[in-house]
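Everything on this sheet refers to the single structure shown next.
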Amino acid sequence: MGVVIRTASADDRELVVRLLDAAFQDDPVSRWVFPGDEHRRTTHPGLMAAFTDIVLAEGRVDVTEAGTACALWLSVPAADDHGRGDGRDTGEDDGPAQVRAAVDPDNERVEVIGRLTADIHPSGRAHAYLWMIGVAPEHQGEGLGTALIASVLDRCDREGLPAYLEASNARSRKLYERLGFELVGAPLDLPDGPQMWPMWREPHS
């Protein structure tokens, strides 16, 4: 049987936040942003909620019908002379600062991660941006993430649209490589932390 996927609404917000929080609690990048275990358990959901709100407002969130996985997508336009067109900046590039202020004001890494990933985001061409994908830990390895991504990549292929993401761990990087993504540029070395891998996928004919 195939995986049934639907577009999330505002009513799914708490479900999406719970999925992302559970999926990323032990992710290397989340552990770098929130190095203390107890602080991460209490504060990490707020960051996932901020990301969810941004994408519900500006992009699209896909969820499996069973509520076991979700993917957050933004449609990034081609950059013009006034910005990268990466879909993250608001106002005078104050998006990461606003997220930090709302989530964990004393934690500069909340802002740093937003600025660093925005800095490496490819410019020029319109593309689909996979901001995050989360699968409930007890359902990982069942192909749900692949199904969520493939449904969008199929549309990208039909429309001739590239796709982009940043892999936050080696396991997810291998999944993305199987789906046709390739490393673009150099890996991002977080200060005193892990690597992230910017990955780009050209549309397949």
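The values are calculated or read from the model by the stated rules, or taken from the named source; none is laboratory data. These numbers were taken from a predicted model, which means no experiment stands behind them. FYI the Cβ positions are ideal-geometry reconstructions off the backbone, even for glycines, and counts take in every protein chain you see.
Overview of values
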read-out: Single residue of the stretch 171-185 satisfying the filter (closer than 22 Å to VAL135 by Cβ, surrounded by fewer than 19 Cβ atoms within 10 Å (Cβ to Cβ) and of a type outside the set (A, V, I, L, M)) that is modelled with the lowest pLDDT; value: ARG171
read-out: Restricting the stretch 162-183 to residues that are of a type in the set (S, T, N, Q) and not in a helix (DSSP H, G or I), the residue that is nearest to LEU20 (Cα to Cα); value: SER168
read-out: Candidate set: the stretch 91-108, residues that are over 17 Å from the mean Cα position of the chain (by Cα) and modelled with pLDDT under 95; chosen: the one surrounded by the most Cβ atoms within 10 Å (Cβ to Cβ); value: ASP93
read-out: Failed criterion for GLY83 (all others in (1) under 18 Å from the mean Cα position of the chain (by Cα); (2) at pLDDT below 95; (3) closer than 30 Å to ASP106 by Cβ hold); value: (1)
read-out: Subset of the stretch 134-161 (residues that are surrounded by fewer than 18 Cβ atoms within 10 Å (Cβ to Cβ) and outside any helix (DSSP H, G or I)); value: GLN140, GLY141, GLU142, GLY143, GLY160
read-out: Residue in the stretch 32-84 that is nearest to ARG115 (Cα to Cα), counting only those that are in a strand (DSSP E or B) and free of Cβ contacts under 8 Å to residues at least 60 places away in the same chain; value: LEU74
read-out: Filtered residue count, the stretch 94-132, keeping only those that are part of a loop (DSSP other than H, G, I, E, B) and over 15 Å from ALA50 (Cβ atoms); value: 7
read-out: Test result for GLU111, over 18 Å from the mean Cα position of the chain (by Cα) and farther than 25 Å from THR68 by Cα; value: no
read-out: Filtered residues of the stretch 10-39 (kept if charged (D, E, K, R) and either closer than 24 Å to ALA66 by Cα or crowded, with 21+ Cβ neighbours inside 10 Å (or both)); value: ASP11, ASP12, ARG13, GLU14, ARG18, ASP21, ASP26, ASP27
read-out: Qualifying residue in the stretch 186-201 (condition: in contact (Cβ under 8 Å) with a residue 60 or more places away in the chain, touching a strand residue (DSSP E or B) at 6+ places or on another chain (Cβ under 7 Å) and surrounded by 21 or more Cβ atoms within 10 Å (Cβ to Cβ)); value: yes
read-out: Among residues of the stretch 18-31, those that are among the acidic types (Asp, Glu) and either outside any helix (DSSP H, G or I) or out of contact with any helix residue (DSSP H, G or I) (no Cβ under 6 Å at 6 or more places or on another chain) (or both), counted; value: 2
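Yes/no matrix, rows are residues, columns are (1) within 20 Å of TYR164 (Cβ to Cβ); (2) in contact with a helix residue (DSSP H, G or I) (Cβ under 8 Å, 6 or more places away or on another chain):
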site	(1), (2)
VAL3	no, yes
THR7	no, no
VAL16	no, yes
PRO35	no, no
HIS44	no, yes
VAL61	yes, yes
THR68	no, yes
